[in-house]
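Provided herewith is a single structure, encoded as structure tokens, for subsequent inquiry.
Coordinate-derived values only; no laboratory data. None of the values given here were measured: they were computed from a predicted structure. Note: ideal-geometry Cβ built from the backbone for every residue, glycine included; neighbour counts use all protein chains shown.
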Amino acid sequence: MHNDLATVLIDDARLQQRVRELGAQIAADYAETGDLLMVGVLKGCAMFMMDLARCIDLPLAMDFIAISSYGQSTESSGVVRLLKDLDTDIAGRHVLIVEDIIDSGLTLAYLRSQLDRRNPASLRICTLLNKPERRDPEVSISVDYLGFDIPNAFVVGYGLDYAERYRNLPYIGVLKPEIYSGH
Ligand code: 5GP
């Protein structure tokens with residue numbers, strides 16, 4: 001598995017350090033509201049969300065939403081579909097969307113507009129990774145909590161997959177192009 005990677009972009013220690021910092025910042029920001037509902041975007045958010053939640057020293061709730069991804073391709077189709085909705089009514093709740101990565105921004109723009117319509121008390125965005133160079137010029141996303149800006153490369157690990165593999169790597173790495181060039 002490790003041999004399929006060209007480089008390690010963010011190692012385990014840097015990930016954990018940044019997650020602790022984000023957790024502390026979120027805890028400080030939400031301490032006054034008395035409410036925090038973390039909404040994870042499956043499946044890529046899994047590792048990040050679980051580690052982050054453990055670093056937020058406040059009572060909180062968690063729910064998950066699933067949105068169609070790229071399937072087995074590494075390029076966004078621009079077509080976004082809701083695969084699994086929330087179990088929670090978010091009206092009046094303080095909602096924090098937890099994403100693994102923002103690329104074109106299309107997925108998050110769709111999700112934000114869907115959740116906004118349900119009248120949450122507040123709606124903020126936390127993403128582990130962001131590729132600023134890749135943002136669709138039509139899409140404006142303001143990220144409230146950001147782990148790392150990364151260059152334009154297809155990354156895997158720490159929840160992020162390629163064709164459902166590599167999610168269990170404890171670091172973020174760049175796949176060798178020959179691994180996905182067949183698709
Ligand atoms: P966007 O709609 O912002 O273009 O894409 C967001 C989604 O695409 C992410 O939630 C993730 O599922 C997938 N994605 C974008 N870039 C990468 C990447 O470098 N690696 C992986 N594994 N998934 C990515």
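Taking the Cβ of residue 2 as the centre, find all other residues whose Cβ is under 15 Å away and add up their charges (Lys, Arg: +1; Asp, Glu: -1).
Around residue 2, the charge tally is 0.
State the Cα centre-to-centre distance between region 1-53 and region 147-172 in whole Å.
Cα centroid to Cα centroid, the span is 13 Å.
Please give the helix 12-30 orientation as an angle from the longest Cα principal axis of the chain, in degrees from 0 to 90, rounded to the nearest 10.
20 degrees
Which of the three applies to region 31-165, rounded, prolate or oblate, going by the alpha-carbon gyration tensor with a ≥ b ≥ c and a/c under 1.5 meaning rounded?
Numbers: a/c = 1.61, a/b = 1.43, b/c = 1.13.
Since a/c reaches 1.5 and a/b is larger than b/c, the shape of region 31-165 is classed as prolate.
Restricting to DSSP H runs of at least four residues, report the calculated mean residue ellipticity at 222 nm for the chain, -39500 (n - 2.57) per run over all residues, nearest 500 deg cm²/dmol.
Details: 4 runs with 43 residues, N = 183.
That calculation yields -7000 deg cm²/dmol at 222 nm.
Here is a further query. Can you work out D for region 110-165 in µm² s⁻¹ from Stokes-Einstein, where Rh is the Kirkwood radius over C-alpha pairs, the temperature is 25 °C and the viscosity is 0.890 mPa s?
Details: Rh = 13.4 Å.
In µm²/s, the coefficient is 183.
For 88, 7, 127, what's the fewest-to-most ordering of other Cβ within 10 Å of each Cβ?
Values: 88 16, 7 11, 127 22.
Listing 88, 7, 127 from fewest to most nearby Cβ atoms yields 7, 88, 127.
Another one. Would you work out if region 1-69 is rounded, prolate or oblate? Take a ≥ b ≥ c from the square roots of the eigenvalues of the alpha-carbon gyration tensor; rounded if a/c is under 1.5, else prolate when a/b is larger than b/c, oblate otherwise. Don't jump to the answer; show the numbers that get you there.
Numbers: a/c = 3.50, a/b = 1.53, b/c = 2.28.
Verdict is oblate for region 1-69.
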